[in-house]
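Input: a single structure, listed below in structure tokens.
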Amino acid sequence: GRGEFAHYMLKEMYEQPEIVLKEGSRHLDIPEELTHALHITLIGCGSAFYAAWGGKYYLEHLAHRKATLELASEFHYRNPIVQEGVTIAVSQSGETADTLKAIQYMEQKGQYTIGMVNVPYSSIARQVNYEILTNAGPEIGVASTKAFTAQLLCLLKISISLMKDSARKEKILNGLKQLPLDMQKIFFKVSQLQDIAQHLVHAKGIIFLGRGISYPVALEGALKMSELSYIFGQGFAAGELKHGPLALIDATTPVIVLAPMDQFFEKTVSNIYEVCAREGKVFIVTDEAGASQLAGVPVQDIFVYPSPATWELHPFLSALSLQLIAYYTALHKGCSIDQPRNLAKSVTVE
Ligand code: F6R
């Protein structure tokens with residue numbers, strides 16, 4: 001059951017530090033085919049797709065592998081040209097029909113397939129050549145939270161085990177040890193996230209911005225907001241603002257900006273100024289190092305989480321912050337949190 005928690009979603013969000021603690025240090029076996037793969041295709045739908053997107057950044061930056069991202073619901077209808085390589089299909093339920101179809105397509109084309117699933121013995125687990133369990137435990141809330149985090153962690157662990165730079169590896173692994181505690185600290189500041197949510201309740205739409213790995217996190221935050229609160233959420237790469245979305249900015253559309261202290265920080269800050277100059281109401285989610293550089297920026301609010309050891313760990317903290325903002329916005333609106341309208345936990349039709 002959900003015990004003292006008002007919703008399964010809340011319980012599942014609170015389980016995330018423990019999952020990172022347990023799974024972060026657990027040894028992960030990977031098949032030889034993956035160790036030697038020069039090209040890895042990542043496939044998924046919805047939140048699993050956004051986790052896979054984060055995985056693409058990890059595989060490129062850490063493991064120096066060519067990583068291609070494919071949306072399962074589009075992929076197998078497209079007659080895509082497939083060359084040698086390994087497919088990693090990411091799915092919480094292991095039952096998503098589109099993802100299963102994409103795996104079957106890849107197998108027909110001779111790819112070695114890996115299923116990264118949360119549900120053992122699921123259809124995807126049975127279909128693939130190799131199964132990797134995300135071990136988040138059963139996820140009851142329809143909106144994926146802890147499963148997303150566990151997927152991202154698994155993809156990070158794969159990338160770490162494929163990487164050569166041992167000093168960098170050490171740094172990330174040490175950072176991972178600190179991460180559960182840093183995630184806990186977000187819960188201590190939950191009242192600030194509730195306040196932010198209160199400001200969002202009457203919005204018609206909310207824009208989410210991020211750069212680098214914060215871009216798929218922004219997309220995930222927008223999806224969480226849309227499905228839970230029924231407020232239209234749209235994520236954009238912050239660098240794309242001036243290519244169109246800037247026209248949306250006015251005093252009525254809140255903008256949530258992920259601005260961690262990473263290689264993109266300065267660029268993201270200039271995007272924040274672009275939004276502020278058009279009377280946009282900005283809410284920043286950043287770490288301590290980022291916040292220290294943001295004094296005097298004319299925004300509505302800044303939510304600050306502890307600075308992680310390396311950029312690879314920001315998504316675990318920023319995604320959790322966005323999950324909580326979506327949860328409290330939906331709560332203020334009185335939405336059906338564990339079972340949003342029109343949605344099902346596993347999507348077994350195409
Ligand atoms: C969003 C959400 C969905 C799923 C998607 C894929 O919160 O839960 O977008 O991520 O339907 O489902 P799985 O991971 O079971 O393949």
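Bear in mind these aren't lab numbers, they're just calculated from the coordinates by the rules spelled out. A quick note: this is a predicted structure, and the numbers were derived from the prediction, not measured. With ideal geometry, Cβ positions are generated from the backbone for all residues, glycine too; neighbour counts draw on all protein chains shown.
Taking H as built 1.01 Å from N, whose amide H comes closer than 5 Å to the amide H of LEU42, not counting residues under 5 places away?
Counting only residues 5 or more places away or on other chains, the set is THR68, LEU69, GLU70, ILE88.
In a Gaussian network model over the chain where Cα atoms closer than 10 Å are linked, find which of ALA48, ALA63, ALA222 has the largest mean-square fluctuation.
ALA63
Evaluate 2.2 N^0.38 Å with N set to the residue count of region 228-304, then give the Cα radius of gyration divided by it.
Numbers: Rg = 12.1 Å, N = 77, 2.2 N^0.38 = 11.5 Å.
Relative to the rule-of-thumb radius for its length, region 228-304 sits at 1.05.
What are the chymotrypsin sites (Phe, Trp or Tyr not before Pro) within region 302-350 that DSSP puts in a loop, where the Cβ has at most 13 other Cβ atoms within 10 Å? Don't skip to the end; give the middle numbers.
Details: sites: PHE303, TRP311, PHE316, TYR327, TYR328; in loops: none.
The qualifying sites: there are none.
Beyond 21 Å, how much of the Cα-Cα pair distribution for region 5-100 remains, as a whole percent?
Roughly 44 percent, rounded to a whole number.
May I ask for the Kirkwood hydrodynamic radius of the chain, worked out over all distinct Cα pairs and given in angstroms to one decimal?
Working: mean 1/r = 0.0493 Å⁻¹.
Hydrodynamic radius (Kirkwood, Cα only) of the chain equals 20.3 Å.
With the Cα gyration tensor of region 119-193 giving a ≥ b ≥ c as the square roots of its eigenvalues, does the rule (a/c under 1.5 for rounded; else a/b larger than b/c for prolate; else oblate) give rounded, prolate or oblate? Show your work: numbers first, answer last.
Working: a/c = 3.48, a/b = 1.10, b/c = 3.18.
Oblate.
Of the residues HIS332, HIS27, HIS61, which exhibits the maximal mean-square fluctuation in a Gaussian network model of the chain defined by a 10 Å Cα contact cut-off?
Among HIS332, HIS27, HIS61, the largest GNM mean-square fluctuation belongs to HIS27.
Test of understanding: in a Gaussian network model of the chain with alpha carbons linked when under 10 Å, which of ILE43, ILE325, ILE140 would top the mean-square fluctuation ranking?
The residue that fluctuates most here is ILE140.
Per the Cauchy relation, a quarter of the hull surface: what is the mean projected area of the convex hull of the alpha carbons in region 264-350, in nm²?
Values: hull surface 34.3 nm².
Spelled out: convex hull of the Cα atoms, projected over all directions, averaged, 8.6 nm².
Within region 252-350, list the trypsin sites (Lys or Arg not before Pro) lying in a DSSP loop whose Cβ has at most 11 other Cβ atoms in a 10 Å radius. Spell out each step's value before the answer.
Numbers: sites: LYS267, ARG278, LYS281, LYS333, ARG341, LYS345; in loops: ARG278, LYS281, ARG341, LYS345.
Counting only loop positions with at most 11 other Cβ atoms within 10 Å, the trypsin sites (Lys or Arg not before Pro) in region 252-350 are ARG341.
Hey, got a sec? Which chymotrypsin sites (Phe, Trp or Tyr not before Pro) in region 76-126 land in a DSSP loop and have at most 11 other Cβ atoms within 10 Å?
Working: sites: TYR77, TYR105, TYR112, TYR121; in loops: TYR77, TYR121.
Passing sites in region 76-126 are TYR121.
Would you pull out the residues with amide H under 5 Å of TYR112's amide H, same chain only if 5 or more places away, H placed 1.01 Å from N?
HN-HN under 5 Å from TYR112: GLY85, THR87.
With everything on Cα atoms, drop me the angle between helix 314-333 and the longest principal axis of the chain, reported from 0 to 90° to the nearest 10.
Tilt of helix 314-333: around 60 degrees.
Here is the link list: LYS22/LYS189; LYS109/LYS242; LYS224/LYS267; LYS101/LYS157; LYS101/LYS169. Which ones come out longer than 29 Å on Cα distance? Walk me through the intermediate numbers first.
Working: LYS22/LYS189 23 Å; LYS109/LYS242 40 Å; LYS224/LYS267 25 Å; LYS101/LYS157 26 Å; LYS101/LYS169 35 Å.
Among LYS22/LYS189; LYS109/LYS242; LYS224/LYS267; LYS101/LYS157; LYS101/LYS169, the Cα-Cα distance tops 29 Å for LYS109/LYS242; LYS101/LYS169.
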